[in-house]
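Here's the structure we're looking at; comments come further down.
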Amino acid sequence: MDFKLKKVERKGRQMDFSTLSEAIINGNRDVATKETQAAVDAGVPASDILQEGLIAGMSVVGQKFKANEFYVPEVLVAARAMKSSMGILRPLLAEANVQAVAKVAIGTVQGDLHDIGKNLVAMMLEGAGFEIIDLGVDCSPDKFMEAVKQNGASVIALSALLTTTMPSMKDTVEVFKQAGLREQVKIMVGGAPLTQDYADSIGADGYAPDAASAVDLAKDLIAA
Ligand code: B1M
């Protein structure tokens with residue numbers, strides 16, 4: 001698979017974000033950090049650096065992961081490089097009041113301590129411009145509810161790795177129904193033992209089999 005990284009026209013100026021995007025794709029944290037700082041110092045808006053540099057790079061990572069050209073370690077180093085660049089951009093984005101695509105509260109469900117896949121999904125979503133509220137592991141239905149009520153999450157993302165903890169996903173959907181808030185949130189689920197049929201049976205809005213598909217799903221859900 002061949003990916004081309006584009007040059008972007010900004011206010012009549014050709015901006016070349018390809019070195020930054022490539023640093024993200026290759027997981028080169030030092031180059032990514034240096035390029036991000038250089039772009040900031042040159043007066044490039046943080047939102048452009050995010051969109052055309054970081055998100056463009058992470059989206060290639062997602063495509064390569066889906067195509068089995070990248071595996072978990074490559075995605076993790078790419079996400080680590082992106083996090084480092086985000087450390088520079090986050091305060092500037094907040095200052096400029098740049099809105100995230102949507103707020104996603106993500107967690108591994110109650111009784112379940114597996115978090116490697118959940119973290120990957122969170123990093124890929126952040127790479128796609130979502131604001132992430134990471135609730136960690138062993139999250140009760142009430143914890144997801146709090147994230148919606150107190151932090152304004154519009155999507156909740158539930159991960160489960162154990163067949164014995166999958167029912168907590170159903171409980172979480174039920175808690176939102178009982179609180180009369182089911183229509184206000186999109187609920188997405190994933191994790192190795194999950195299937196689309198299971199997601200449908202518990203009334204979730206969507207299921208994604210991997211971290212790259214989770215990004216596509218979250219985008220579809222907020223657009224629906
Ligand atoms: Co556990 N464990 N584990 N374990 N563990 C499994 C899951 C298991 C399949 C191993 C086995 O028996 N073959 C088995 C589950 C069996 C079952 O229920 N079907 C199992 C068991 C039984 C247990 C314990 C009960 C063992 C014991 O104590 N007797 C125990 C449970 C503890 C608990 O949670 N309460 C336990 C403990 C652990 C460790 C702590 C040692 C460790 C977890 C460390 C951690 O996460 N920080 C661990 C690990 C590492 C595994 C395996 C080996 C690897 C899981 C992993 O990280 N995969 C796993 C066996 C295996 O899968 N080969 C196993 C890599 C990760 C990138 O993939 O998490 O699937 P995954 O995420 C993918 C997708 O699923 C998807 O995207 C990710 C990336 O593409 N995805 C989502 C995940 N969440 C998503 C959410 C989405 C969308 C997509 O939207 C919201």
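Coordinate-derived values only; no laboratory data. On a predicted model such as this, the values are computed, not experimentally measured, just so you know. All Cβ positions, even for glycine, are placed from backbone atoms using ideal geometry, and neighbour counts span all protein chains on display.
List of remarks:
- Descending semi-axes in whole angstrom, ellipsoid equivalent of the stretch 7-95, from the Cα gyration tensor: 22, 14, 10
- Pairs from the list LYS66/LYS103; LYS83/LYS219; LYS34/LYS219; LYS143/LYS186; LYS103/LYS170 with a Cα-Cα gap above 18 Å: LYS66/LYS103; LYS83/LYS219; LYS34/LYS219; LYS103/LYS170.
- 5 angstrom amide H check on TYR207, placed H, neighbours 5+ away: VAL189
- Solvent-free Debye scattering, log10 I(q)/I(0), computed from the Cα coordinates of the chain at q = 0.09, 0.11 Å⁻¹: -0.37, -0.55
- Computed over the stretch 144-206, the Cα gyration tensor eigenvalues convert (square root of 5λ each) into semi-axes of 20, 11, 10 Å, ordered from largest to smallest.
- Protection proxy ranking, peptides 88-96, 184-192, 25-33, average beta carbon neighbours within 10 Å, highest first: 184-192, 25-33, 88-96
- Sequence-separation-based contact order of the stretch 102-164, relative, with Cα cut under 8 Å and 6+ spacing, percent: 52
- Using every pair of distinct Cα positions in the stretch 132-175, the Kirkwood expression returns a hydrodynamic radius of 10.9 angstrom.
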